[in-house]
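To start, the structure under review is shown below, and the notes come after it.
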Amino acid sequence: MTDLAPPPARAGTPGTRRPLARLVAGLGLLLAVLPSAPPVTAAEAAGASVPALAADEPRFGWPLSPTPAVARPFRPPPSAYGAGHRGVDLAARPGQDVLAAGTGFVVFAGTLAGRGVVSIEHDGGLRTTYEPVAPTVAAGEQVYEGQVIGTVAAGHAGCAAAACLHWGVRRGEEYLDPLRLVRVSIVLRLKPWEA
C-alpha cells in the first residue's frame, strides 16, 4: 500500500508561510477584541481588601449621561463599621436625570435620613443605590438599564461640584467599587490582510 499524503513542507517554503500569517493575524484579532482589565482603584493600589469580582458578574452602564467625572472615589472601610466611602461621588448638576445602571427591581424609592434615595436589586445579588435623588419611580417597579429613575438633588456633603450623585453597589453586606462594574467598551480594529 502506498502513502498518498503529500510530503511535509519544509520551513520557509510557500506552503508554510500562509498558515503562519493566518495564525499571527488571528491572534492579533483575538487580542484586539479582548476587554482590558478593570481599572485599579485607589483602595487596591493602597493594598486595601477589595472583594473580587466573579467572571460572570453583571456589568452596568453609567447612572449619568454623558459619562461623569468622579468627584470622590470608592474607599472601602477597614472593618464592617469603620470609616470609608462606600461608593463613588459623580459630578452632576442639580436636576440632571439619574439613570438605572442596570435592569432590576426598585426595592426602595423615598426619603432616608433627609435625603432622597433609590435602591435597585439586580441579578447576581447586587443592589445599586443612588442619592441624593428626587425619585420618579416607586418600590416594586421593574426598571431597565438607562431608564430615568429620578433627578439629582443638590446638597451632597463633601461634593466640590454643583451637585454630586453618590452611587453605591452592594453584594449582600459587602460594598463594591461601582467603577469596577461599569461595562468596558470593546473597540474592534481590523488590520489589513497581507497574503
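Near the amide H of residue 150, under 5 Å away, which other amide H atoms are found, from residues 5 or more places off or on another chain, if H is placed in the peptide plane?
Amide H neighbours of residue 150, under 5 Å, 5+ apart: 98, 136.
Explain nothing, just the number: relative contact order of segment 81-170, from Cα pairs under 8 Å at least 6 residues apart, as a whole percent.
Across segment 81-170, relative contact order equals 38 percent.
From the phi angles alone, apply the Karplus equation (6.51, -1.76, 1.60; θ = phi - 60°) to segment 153-163 and give each ³J(HN,Hα) in whole Hz, x where the residue is Gly or Pro.
Couplings: 9, 6, x, 7, 4, x, 8, 7, 7, 4, 7 Hz.
Could you provide, to the nearest whole Å², the per residue accessible area of segment 96-174 with probe 1.4 Å?
Averaged over the residues of segment 96-174, the accessible area is 43 Å².
In square angstrom, rounded to the nearest 10, how much accessible surface does residue 174 have for a 1.4 Å probe?
Counting only protein heavy atoms, residue 174 exposes about 80 Å² to solvent.
The values are calculated or read from the model by the stated rules, or taken from the named source; none is laboratory data. Given the structure is predicted, the values throughout are model-derived calculations rather than measurements. Just so you know, the surface numbers come from the protein's heavy atoms only, side chains and all, with ligands and any DNA or RNA stripped out. Shrake-Rupley method; radii C 1.70, N 1.55, O 1.52, S 1.80 Å.
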